[in-house]
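Comments concern the structure below.
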Amino acid sequence: MADPSSYRPKPGQIPDSPGVYKFRDEHRRVIYVGKAKSLRQRLANYFQPLTSLHPRTATMVTTAASVEWTVVATEVEALQLEYSWIKEFDPRFNVKYRDDKSYPYLAVTMNEEFPRVQVMRGAKKKGVRYFGPYGHAWAIRETVDLMLRVFPVRTCSAGVFKRSAQIGRPCLLGYIGKCAAPCVGRVTPEEHRELAEDFCDFMAGRTGTYLRRIEQQMMAAAEDMEYERAARLRDDIEALRKALEKNAIVFNDATDADLIAVAEDELEAAVQIFHVRGGRVRGQRGWVTDKVEAVDTAGLVEHALQQLYGEETGDSVPKEVLVPALPEDAEAVSGWLASRRGSNVSLRIPQRGDKKALMVTVARNAQQALALHKTKRASDLTTRSRALEEIAAALDLDSAPLRIECFDISHLQGDDVVASMVVFEDGLARKSEYRRFQIKSFEGQDDVRSMHEVISRRFRRYLAEKVRTGEWVEEESQEGAEVIAAEPGGLPAAVSGEVSALQEEDGRPKRFAYPPQLLVVDGGQPQVAAAKRALDELGIDDIAVCGLAKRLEEVWVPEEDDPVVLPRSSEGLYLLQRVRDEAHRFAITYQRAKRTKRFKAGPLDAVPGLGDTRKQALIKHFGSVKKLRSATIDEICEVPGIGRKTAETLAAALAEAAPAAPAVNTATGEIIEEDDGGSTT
């Protein structure tokens, strides 16, 4: 536990201006990010006597080892920078709303020549119109199925579209009238885009125009005694009304607004958001968070606004945002929202009428979400805590291993040897810190030697970071151990070249800089001994090591002849199995990917500096590798993007590579000539 006074800056050093500050721990990991109108006043609050601080704040400042800040011009800039840093550094003491699913959106790809309607999840793409989010993907498909009667926009994938264009015959939807079939030229690109724009307008809430237009067309068809067409238009109207009924009317004035409600207790908070467009509820989503920092309802609302609109621009930010409590600096937040939208945004608390009534409904949803989450999590949190305690007791550790790293080796009969590193923190997988390795020091099958190499490489980088930050101190050499200590005027030889690999361009440490409390290897005594030997050679003695053997699920520890046997019903054993299985899954996935790439590799893949784009350009220009091999350097230089040096390297590589033996048709005995890209025809 650090003493905050040991790193407290002098009052005169801190500027009295807006800015964003970061607290870092002893490993230089960012653990908290905050913003302030006055950095001097805000930071002074953290260095009060610990007894006067909120318990969560006291835990943060005693975990930290340093504080730094960045001055900005305005509070709006501070808000944006705070959001960017929270997203980048993922600080452990900041409120972060977690979501158990990726909400689906109804998306229209207006950035394509023939826009496509589809279900999309994940990050939003430029040039795509989004509607939602929806609670379930099937709700989107039901809505789209109803609307395709009136707006027959393309819904097929690129492969299906291309295939239909090649054979000159549309897919089933084209035959039943639910696609305008642009693939076979039934409509022009301009006509199809107009259909897509009408679809988007209807989804955006401009529904009355289309309903009235279709009703007029129906009446005109009936007067002209075109009864079949009138009946079809009647069915279209019914389909559109059914689609509208799926979104309840809450406001009669076509309001565009997002309503945010918060339910909280001392430990957790739940946020619910209703998206209202054109007076109708178009989507709903919810988040839950641990209150790891001292934050009130207004602070929770501000964090929710950052997460909700941090990546949004334009109409994705509504004209009106209704909240249960205004953030501390409501004007700055409103200005930030306005900058995201490009026009004024009203941020306020509803006081009366329909909006107040709907806010009550949103708040009720938030309360129910929090209650459901606590019911689910109670057993999960208790189980994870018990599992970590059981592991600590079985391995005689000083404390529960809050960070566990597991390593596994994967290969296919000695080929494509790779390794994986997975990380679990507080008993949960932290996938952003997974890492993959290729075995470099030798070829062939030797799991023990591979494990030694991987552990050595991983912890050399850890030591390099300690040397860079000045944390590593010179020690006396132990028998049989290689001492890694900082030398005057330079880095130790064993970690030479690793510091630069650990630093980003702006000096931020990478993930390898943080040590685990427990290192797990997939294997028995030999693998555990190799891992322990690698740590000893680096002079690391504060990381526990164990191995989990698959055969009997025995836990092996270094320098012990007998394994530690955990009961089959042990939560600790179950957690170790999950960690080991995840490392195995991650390793074998990487190994299979490498093997597939090797099998698909052609002669051009062996040419250094030749990427996919230039390889495709070469094959497109010459038609096949065979013709490329016979081309002159001047002819190769004619390909866009290929310079003379690259052409010379390419010609030399193809000349050295022996052409594959020709394939033979076993039925006719004919030699099958090589065609495009080295394939046969």
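Summary of values
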quantity	calculated
Residue selected from region 297-311 under the condition at pLDDT below 85 and either more than 16 Å from Phe274 (Cα to Cα) or in contact with a strand residue (DSSP E or B) (Cβ under 6 Å, 6 or more places away or on another chain) (or both), by the criterion most open to solvent (accessible area, probe 1.4 Å)	Glu311
Helices (runs of 4 or more DSSP H) lying entirely in region 63-181 (those with 2 or more residues that are under 30 Å from Ser6 (Cα atoms))	75-89
Residues that are of a type in the set (D, E, K, R) and loosely packed, with under 15 Cβ neighbours inside 10 Å, drawn from region 57-81	Glu68
Failed item, numbered, when Ser66 is tested on (1) closer than 24 Å to Val33 by Cβ; (2) of a type in the set (Ser, Thr, Tyr); (3) in contact (Cβ under 8 Å) with a residue 60 or more places away in the chain	(3)
Selection within region 8-33 - free of Cβ contacts under 8 Å to residues at least 60 places away in the same chain and crowded, with 17+ Cβ neighbours inside 10 Å	Ile14, Gly19, Tyr21, Arg24, Asp25
Residue in region 458-475 that is open to solvent by less than 30 Å² (accessible area, probe 1.4 Å) and at pLDDT 85 or above present	yes
Breaking point among (1) modelled with pLDDT under 90; (2) open to solvent by less than 40 Å² (accessible area, probe 1.4 Å); (3) farther than 13 Å from Leu148 by Cβ; (4) in a helix (DSSP H, G or I), for Gly205	(4)
Filter pass, Ser5 being at pLDDT below 85 and either open to solvent by 70 Å² or more (accessible area, probe 1.4 Å) or not in a helix (DSSP H, G or I) (or both)	yes
Among (1) part of a helix (DSSP H, G or I); (2) surrounded by fewer than 18 Cβ atoms within 10 Å (Cβ to Cβ); (3) at pLDDT below 75 - the single one Ala243 does not satisfy	(2)
Failed item in (1) closer than 28 Å to Leu463 by Cα; (2) assigned to a helix (DSSP H, G or I); (3) more than 26 Å from the chain's Cα centre (by Cα); (4) among the charged types (D, E, K, R), with Arg56 passing the rest	(1)
Residue within region 581-599 that is in a helix (DSSP H, G or I), in contact with a Ser or Thr (Cβ under 7 Å, 6 or more places away or on another chain), aromatic (Phe, Trp, Tyr) and closer than 30 Å to Pro526 by Cα present	yes
Long-range neighbours under 7 Å by Cβ, at least six apart or interchain, first residue in contact (Cβ under 8 Å) with a residue 60 or more places away in the chain and closer than 23 Å to Gln577 by Cα within region 529-558, second open to solvent by 10 Å² or more (accessible area, probe 1.4 Å) and small (Gly, Ala, Ser)	Val555/Ala394
Where a residue in region 362-373 is over 17 Å from Leu322 (Cβ atoms) and its partner, wherever it lies, is surrounded by fewer than 18 Cβ atoms within 10 Å (Cβ to Cβ), with Cβ under 8 Å and at least six apart	Leu370/Asp265; Leu370/Glu268; His373/Glu268
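The values are calculated or read from the model by the stated rules, or taken from the named source; none is laboratory data. Bear in mind the structure is a predicted one, so any value in this text is a computation, not a measurement. We place every Cβ from the backbone using ideal geometry, glycine too, and count neighbours over all the protein chains shown. SASA here: full protein model, heavy atoms, side chains in, ligands and nucleic acids out. Shrake-Rupley method; radii C 1.70, N 1.55, O 1.52, S 1.80 Å.
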